[in-house]
1. Take the residues in segment 34-63 that are among the hydroxyl-bearing types (Ser, Thr, Tyr) and under 19 Å from the mean Cα position of the chain (by Cα); name whichever of them is most open to solvent (accessible area, probe 1.4 Å).
2. Filter segment 283-320 down to the residues that are within 25 Å of Gln118 (Cα to Cα) and touching a strand residue (DSSP E or B) at 6+ places or on another chain (Cβ under 6 Å) and list them by number.
3. Mind listing whichever residues of segment 206-264 are open to solvent by less than 40 Å² (accessible area, probe 1.4 Å) and aliphatic (A, V, I, L, M)?
4. Just the residues that are surrounded by 11 or more Cβ atoms within 10 Å (Cβ to Cβ) and either touching a residue at least 24 places away in the same chain (Cβ under 8 Å) or among the acidic types (Asp, Glu) (or both), please, taken from segment 386-409.
5. Looking at the structure I just gave you, is Asp226 under 19 Å from Asp167 (Cβ atoms), of a type outside the set (Val, Ile, Thr) and assigned to a helix (DSSP H, G or I)?
6. If you check Phe165, Phe133, Phe202, Phe161, which single one turns out to be under 19 Å from Asn228 (Cα atoms), in contact with a Phe, Trp or Tyr (Cβ under 9 Å, 6 or more places away or on another chain) and not acidic (Asp, Glu)?
7. Could you grab me the full set of residues in segment 91-131 that are among the β-branched types (Val, Ile, Thr), surrounded by 21 or more Cβ atoms within 10 Å (Cβ to Cβ) and away from the ligand (no atom under 15 Å from the Cβ)?
8. Considering only segment 64-75, I want to know if a residue exists there that is within 21 Å of the chain's Cα centre (by Cα) and acidic (Asp, Glu).
Amino acid sequence: MFRKIKGTQDFLDLTLFNFIIDQAKKHLEQYNFVEIATPIIEPLDLYKRSTGEETEVVTKQMFKITGKGDEVICLRPEATPSVIRAFIENKIQQTPWKVFTWGPMFRYERPQKGRYRQFHQLNIEVVGASSVFQDAHFIKMLDRFFGEKLGLTDYALLINFLGCFEDRKTYHFLLRQFLNDVEQDVCAECSIRKEKNILRIFDCKNPQCQTIYKDAPQITNNLCKDCNAEWETLQEQLSLLSVTFAVQPTLVRGLDYYSKTVFEFVSDSLGAQTAFCGGGRYNQLVCQLGGKEDQPSVGAAIGIERVLLLLELIKERILLPQKKALHLILPIEQKQKSLALLVADNLQNSGLSVDIFLEGDSIKSMMRKANKMGAKYVLILGPQEQEEKKVSVKEMMTGKSETILQIDLADYLKS
Ligand code: AMP
């Protein structure tokens, strides 16, 4: 017997999954976003250049594929670099380019609750929009999606501001000085991070390191005048839009391209992996990936599996779209099977949802199965019905039976 690859899942009931996607599509249309799709395979170098050569995603978590040529390709670990590649490659002129895309992502992680090797993200990007007001509008859009469209209540929004390139240079210097003083007390991994990618120290899971970093200098206390003004505007605008948030000075996000606004939506109900959506501003990515002009952008990725875990907890409160009523046709004997196909075809042609029992079970067993399947009507075709060109219609809920002419059946069921 074959088993699924570690860290992957079979989805046998997509009701909630599709609920998320459908709600997102409706919601994003209201905000003038357009759906796009990019390939699942991309050149590995795309992520080295954008996500970052020293990030965990690129150094440890890539699913590499060696093809026939020299090019090393990979299964995409995230969507933002692909969206920006598509923006450049397709020479998109009209900005802001407001797009969303969803689908599977791949990261070679240690699987646990809410963390998989194949998982799904819904990515939303505004490419070519520099205003901090755009960030506030974007975050409000997400907050409204989670709160109003999905009905989530048990979550929080964390925000931080990483400043401009110059701010981060100053901050790296201050942080390095701080780390020099505490280096003997932090873990070996953080000593490496200090040299290679210093902001990543804040992602360290070691409790001792986390305690030490509480006293680290904060980037928001070391912003230039313009960035400081933007940071204040962001907080003012979010308050004005009634978005509840908490400032988290250690929130730096795991990917390299972020500048200025960063945020995460988190929930304690998720266990160890608390973030179900993360994003922020990335102002240099278009040039970094070979575009001619910088296109300041803001985006977010929603982790669908983690949102699913949250929805499972409030399932009873969710108003899912009503399933179509199921009609089950029961041919009693071999001779009525052909007629059953014709009756089903006619009803399906009228837009009704229909299935047929063709395995020759006893009527008792077919009725039992129909009940289990939640059929609304059972349509019985026996020798007598066939002879009289009729169908016996039994309404499962009430047990009421009627005999209807085959020719009138579609209209009867539809009314
Ligand atoms: P990131 O692209 O790392 O910023 O992640 C954005 C969101 O994707 C996170 O907040 C999670 O909800 C989700 N996510 C990231 N990695 C995984 C994973 N391995 N398994 C499931 N969800 C993930």
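The values are calculated or read from the model by the stated rules, or taken from the named source; none is laboratory data. Quick caveat, the model's predicted, so the values are computed rather than measured. Every residue, glycine as well, gets a Cβ built from its backbone with ideal geometry; the counts of neighbours run over all protein chains shown. Just so you know, the surface numbers come from the protein's heavy atoms only, side chains and all, with ligands and any DNA or RNA stripped out. Shrake-Rupley method; radii C 1.70, N 1.55, O 1.52, S 1.80 Å.
1. In this case the residue turns out to be Thr38.
2. Val298, Gly299, Ala300, Ala301, Ile302, Gly303, Ile304, Glu305, Arg306, Val307
3. Within segment 206-264, Ile212, Ala216, Ile219, Leu223, Leu234, Leu238, Val243, Leu251, Val252, Leu255, Val262 meet the criteria.
4. Gln386, Glu388, Val391, Glu395, Met396, Glu402, Gln406, Asp408, Leu409
5. yes
6. Going through Phe165, Phe133, Phe202, Phe161 in turn, the sole match is Phe161.
7. Selection gives Val99, Val126, Val127.
8. No, segment 64-75 contains no residue that is within 21 Å of the chain's Cα centre (by Cα) and acidic (Asp, Glu).
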